[in-house]
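The values are calculated or read from the model by the stated rules, or taken from the named source; none is laboratory data. Treat the numbers as computed from the prediction; the structure is a model and nothing was measured. Backbone-built Cβ (ideal geometry, glycine too); neighbour counts: all protein chains shown. Just the protein is used for accessible areas: all its heavy atoms, side chains included, with ligands, DNA and RNA removed. Shrake-Rupley method; radii C 1.70, N 1.55, O 1.52, S 1.80 Å.
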Amino acid sequence: MKKFLVLLSVTLVVLAVATTIKIGVVLPMTGGISAFGKMTWEGIEIAHKMMPTVAGNDIKLVLLDNRSDKTEAANAVARAIDKEKVAAVLGEVASSHSLAGGAVAEEKHTPMLSSASTNPLVTQGKKYVSRVCFIDPFQGGAAAVFAYKKLGAKTAVVFTDIQQDYSVGLTNYFMKAFRKLGGRAQPVFYNTGDQDFTAQISTALAFKPDIIVITGYYPEAALISRQARQLGYKGYIMGGDGLEAPELISIGGKAVEGVYLTTHFHAKAAATPMTKKFVEMYEKKYNKEPSALAALGFDDYLIMVNAMERVLKANPDLVNDLQAFRDAVAKEIRNTKDFEGATGKITIDKNGNAIKSVIVDVVKNGKFDFAGIVNPDEIPM
Ligand code: PHE
């Protein structure tokens with residue numbers, strides 16, 4: 001009998017250890033904004049290596065490529081949930097992708113934790129979709145404060161990609177805050193994939209701006225900067241987090257020297273002990289400075305696993321009930337409080353949003369350099 005019990009408990013332990021929890025990762029690994037997917041994946045992989053299990057269960061990552069496409073973004077989330085039976089989804093990056101994918105996660109009652117999507121609508125009215133980054137009313141406000149107060153800019157033209165929810169939103173929040181501070185602002189519009197911005201730049205120059213603000217992503221921002229300089233524009237250029245990819249610099253060259261951008265992280269603005277640890281692990285593996293997206297990917301994974309851990313500590317059996325586990329994790333994510341991540345101390349509020357400081361970078365000698373920090377209480381809302 002004793003022997004039998006020992007055997008039984010050994011078997012049970014083995015069974016418990018053998019459980020694998022799958023987490024889907026949906027990112028743009030190919031297509032227009034593939035730099036975003038690659039950087040985010042680097043951070044997630046490092047975090048997975050650091051913490052490969054949760055409450056004694058192995059974690060398996062399933063990476064799905066949304067090909068930088070909205071429809072694919074929704075399809076990939078559906079595939080992760082229905083075919084791969086993931087417990088949760090990490091991603092996506094572009095707000096329009098998170099909106100498309102998030103609608104699927106919400107409908108299928110599966111937690112999704114975006115690392116980098118900043119448009120307010122991504123989480124609005126949802127129970128299953130949360131994020132580890134700040135939202136664009138903050139980001140746009142911080143950019144306006146920096147432009148108006150630190151740079152002394154009084155007139156702004158805002159280049160807006162009308163195909164991206166992120167860009168349209170950020171333009172509105174920037175202009176609102178900039179006007180509230182006393183500045184004058186006017187938008188001009190373009191489409192994702194555009195190559196020639198001569199018409200918009202002519203319109204912009206007629207406005208005599210102190211600053212050109214670009215609220216889209218790096219491929220177009222690099223070209224807008226180049227063409228604006230070629231056409232004689234001498235003022236400031238600034239953008240949002242969508243500019244932060246090495247490609248901005250490799251495509252933009254000299255034209256992007258001095259470009260300011262708001263973002264989530266800089267290795268020089270070490271926020272927590274975890275920041276240091278992350279930077280060390282990253283530099284050891286990749287031999288370069290980590291990007292904001294890698295840091296956000298790292299935090300995204302850790303916060304998800306942390307929520308899973310709290311759920312399984314309270315109720316270990318949930319690991320065998322996929323849907324109940326998904327429901328519990330989605331709720332628990334919003335109980336994240338003062339989590340020390342690479343990008344700072346993270347608290348996720350009841351609406352699924354994180355409130356954090358905004359970092360300002362400047363392109364200097366072909367690199368993203370730290371230029372400042374704007375805290376939430378400095379922003380006119
Ligand atoms: N904030 C952007 C969006 O919502 C995504 C992004 C974040 C891109 C950080 C680059 C760096 O679409």
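Numbers below:
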| quantity | calculated |
| --- | --- |
| Tally, over segment 103-133, of residues that are buried (at least 24 other Cβ atoms within 10 Å of the Cβ) and either among the polar types (S, T, N, Q) or within 20 Å of residue 302 (Cα to Cα) (or both) | 18 |
| Pairs where the first residue, in segment 97-119, is among the polar types (S, T, N, Q) and within 16 Å of the ligand (Cβ to nearest atom) and the second is open to solvent by 10 Å² or more (accessible area, probe 1.4 Å) and assigned to a loop (DSSP other than H, G, I, E, B), C-beta under 6 Å, 6+ apart | 118/135 |
| Selection within segment 161-184 - in a helix (DSSP H, G or I), of a type outside the set (Asp, Glu) and under 19 Å from the mean Cα position of the chain (by Cα) | 166, 167, 168, 169, 170, 171, 173, 174 |
| Candidate set: segment 223-265, residues that are within 16 Å of the ligand (Cβ to nearest atom) and among the β-branched types (Val, Ile, Thr); chosen: the one most open to solvent (accessible area, probe 1.4 Å) | 251 |
| Considering residues of segment 127-155 that are part of a loop (DSSP other than H, G, I, E, B) and of a type in the set (A, V, I, L, M, F, W, C) only, the residue nearest to residue 210 (Cα to Cα) | 153 |
| Selection count, segment 173-200, where residues are acidic (Asp, Glu) and either in contact with a helix residue (DSSP H, G or I) (Cβ under 7 Å, 6 or more places away or on another chain) or surrounded by 16 or more Cβ atoms within 10 Å (Cβ to Cβ) (or both) | 1 |
| Whichever residue in segment 65-87 is open to solvent by less than 10 Å² (accessible area, probe 1.4 Å) and touching a helix residue (DSSP H, G or I) at 6+ places or on another chain (Cβ under 6 Å) and, among such residues, is farthest from the ligand (Cβ to nearest atom) | 87 |
| Condition met for residue 85 (under 18 Å from residue 348 (Cα atoms) and assigned to a loop (DSSP other than H, G, I, E, B)) | no |
| Filter result for residue 171 (more than 12 Å from the ligand (Cβ to nearest atom), more than 21 Å from residue 265 (Cβ to Cβ) and in contact with an Asp or Glu (Cβ under 8 Å, 6 or more places away or on another chain)) | no |
| Condition met for residue 39 (open to solvent by 50 Å² or more (accessible area, probe 1.4 Å), closer than 18 Å to residue 278 by Cα and among the hydrophobic types (A, V, I, L, M, F, W, C)) | no |
| Test: residue in segment 213-222 that is surrounded by 17 or more Cβ atoms within 10 Å (Cβ to Cβ) and more than 23 Å from residue 38 (Cα to Cα) | yes |
